[in-house]
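Okay, structure first, notes after.
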Amino acid sequence: MTTGEAPRGRISAFVRWVVRTPWPVFTLGMVQADIIGALFVLGFLRFGLPPQERIQLQDLPRLNLAIFLAYLLVSFAIGAFVSLRLLVPVFRWQRRDGLLTDSDPEATELARTRALRMPIYRTAISLTNWLLGAFVFIAASWPVAGHSAPVLAVATGLGATATAIIGYLQSERVLRPVAVAALRGGVPENFSAPGVILRQVLTWVLSTGVPLLAIVLAVVASRYSFLRASADQLVTPILLMALAALGIGFAGTVLVAMSIADPLRQLRWALGEVQRGNYNAHMQIYDASELGLLQAGFNDMVRDLSERQRLRDLFGRYVGEDVARRALERGTELGGQERDVAVLFVDLVGSTHLAATRPPGEVVSLLNEFFRVVVDVVARHGGFVNKFQGDAALCIFGAPIEHPDAPAAALAAARELHDNLLPVLGDAEFGIGVSAGRAIAGHIGAQARFEYTVIGDPVNEAARLTELAKLESGHVLASAKAVSDAIDAEALCWDVGEIVELRGRIAPTQLARPINLAVPEGLSKSEVPSVEA
């Protein structure tokens, strides 16, 4: 690439980038607002005054007309230059894709502030050009309309007001994508945008204040002989100004209504998404007004809700959904209460040997699949896995949520768990023990760190039954008390057998085994004689 082609390439790339931004539409909006204001003033001078008071540009001396037109061109060029100078930091920031980096925080903050204040800057530039243009126009028309100088001043002032208000409302809407990008890093310090009240006041000024003031001034001017026309001759001009008020007021009201309705419509959509459980719903912040603060507040609220939901999900995964729900609804405190519960304990056989003979990844996958089956089966029968202990799991039925028939649910879960674990574990063996009785259920530990658990004889008995079940071909044992406490047909699926003394317990335990239990291929179903475990 030659030396001359490089600048041309950069200019071409810059032009293509500008075309994709809102700035061309913003520029056209500036011109459009000025044209609307100029047509308002010229229409008022041409049709809004009585015939003998009307002023037309062709009535001005040619030199004066040339000076006025030259001022229009110069003022527009100066306004465009000032706007471009103000936008240079914004362009540089946008060329970096609007990324808020820490490489140059001052330049980034300046660009964000300029981007947000551009509608205000554009209004100030327009008002300045119009006020200076009013002096130039009055001076240029003095030879033919010196007596109407107050009327000209009022007309241009009203035109400037209409132009500024329409231009501001239009610019604010056109530059909304730029404002959205600028507000991603929050609202800049010491910055505020016109709120809903001010926008409504601007609408009133545009739709009611300006036209009514023009009508009032026309009547006053006729009454105090500022105009040579009689009051009867003002009927038609007043009617035309009223019609103009209808059109301009409608346009201004629509712009303001859209600036308020758009964020509210988006808020309604976002609320619907949150109600459906989508906590990723995010509102684009349009400005720094009350509406923008509402949008930002909604985003913060959804962010907090998402974080709470995430913590609640994690909490539920660690302690169980029922425990988590109960803790969130009723709070937590150390201590417990006596409950009638059923306990299911399941443990793998030879996990130490598995860890020594198999790759760690394979062992972890086996344990995860083992616990997945346990969690699914226990949850399906209304219980919850209280804790994982290495390669074992303690499952509770009847706490913290009441269960109408906890023993039957635990017994049914044990039988289903046996059938589901056989194809999952392959040659790995396991033991399942079920017990039922009175226990203490609650939060145990210290105030800074505690857990929900169940303590009592049924837990110890289930653990000992599990050790004994590892020696059985069926791998499942229950206490006869658990079977007798079951109040539905589940008790008929168990066969009560011998009485044994389990290690660590004073009272003997009568064993119960499930009937018609699936047995792995290659093994025969047998019962273990009475032993001391």
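The values are calculated or read from the model by the stated rules, or taken from the named source; none is laboratory data. Quick caveat: nothing in here was measured; it's all calculated off a predicted structure. So basically every Cβ, Gly included, is an ideal-geometry build from the backbone, and we count neighbours across all protein chains shown.
L234: assigned to a helix (DSSP H, G or I), in contact with a Pro (Cβ under 8 Å, 6 or more places away or on another chain), over 28 Å from M30 (Cβ atoms) and at pLDDT below 70, yes or no? In short, yes.
Looking at the structure I just gave you, is A439 under 12 Å from E490 (Cβ atoms), assigned by TED's automatic domain parsing to the domain that holds V364 and out of contact with any Ser or Thr (no Cβ under 8 Å at 6 or more places or on another chain)? No, not satisfied.
Between L202, L217, L239, which is assigned by TED's automatic domain parsing to the domain that holds F40, within 27 Å of S259 (Cα to Cα), at pLDDT 70 or above and of a type outside the set (G, A, S)? Outline the logic, then answer.
Values: L217 fails: within 27 Å of S259 (Cα to Cα); L239 fails: within 27 Å of S259 (Cα to Cα).
From the options L202, L217, L239, the qualifying one is L202.
Only one of the numbered conditions (1) among the hydrophobic types (A, V, I, L, M, F, W, C); (2) at pLDDT below 80; (3) surrounded by 12 or more Cβ atoms within 10 Å (Cβ to Cβ) is violated by L72, and that is (2). Here H381 passes the criteria (1) surrounded by fewer than 20 Cβ atoms within 10 Å (Cβ to Cβ); (2) without any contact (Cβ under 8 Å) to a residue 40 or more places away in the chain except the one numbered (1).
Yes or no, residue by residue, for (1) under 22 Å from I166 (Cβ atoms); (2) part of a loop (DSSP other than H, G, I, E, B); (3) at pLDDT 80 or above; (4) within 9 Å of the chain's Cα centre (by Cα):
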{"site": "I260", "(1), (2), (3), (4)": "yes, no, no, no"}
{"site": "Q266", "(1), (2), (3), (4)": "no, no, yes, no"}
{"site": "H282", "(1), (2), (3), (4)": "no, yes, no, yes"}
{"site": "Y286", "(1), (2), (3), (4)": "yes, yes, no, no"}
{"site": "L293", "(1), (2), (3), (4)": "no, no, no, no"}
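Scanning the range 475-492 for residues that are surrounded by fewer than 21 Cβ atoms within 10 Å (Cβ to Cβ) and part of a loop (DSSP other than H, G, I, E, B) gives I487, D488. Inside the range 234-263, can you point out the residues that are touching a Leu at 6+ places or on another chain (Cβ under 8 Å) and surrounded by fewer than 17 Cβ atoms within 10 Å (Cβ to Cβ)? Once the filter is applied, which keeps residues that are touching a Leu at 6+ places or on another chain (Cβ under 8 Å) and surrounded by fewer than 17 Cβ atoms within 10 Å (Cβ to Cβ), the range 234-263 yields only I260. Checking each residue in the range 453-482 for being farther than 11 Å from V434 by Cα and of a type in the set (D, E) picks out D457, E467, E472.
Just one of A439, A393, A399, A409 is surrounded by 20 or more Cβ atoms within 10 Å (Cβ to Cβ), within 16 Å of P458 (Cβ to Cβ) and in contact with a Pro (Cβ under 7 Å, 6 or more places away or on another chain); which is it? Steps first, answer last, please.
Working: A393 fails: in contact with a Pro (Cβ under 7 Å, 6 or more places away or on another chain); A399 fails: in contact with a Pro (Cβ under 7 Å, 6 or more places away or on another chain); A409 fails: in contact with a Pro (Cβ under 7 Å, 6 or more places away or on another chain).
Within the list A439, A393, A399, A409, the selection yields A439.
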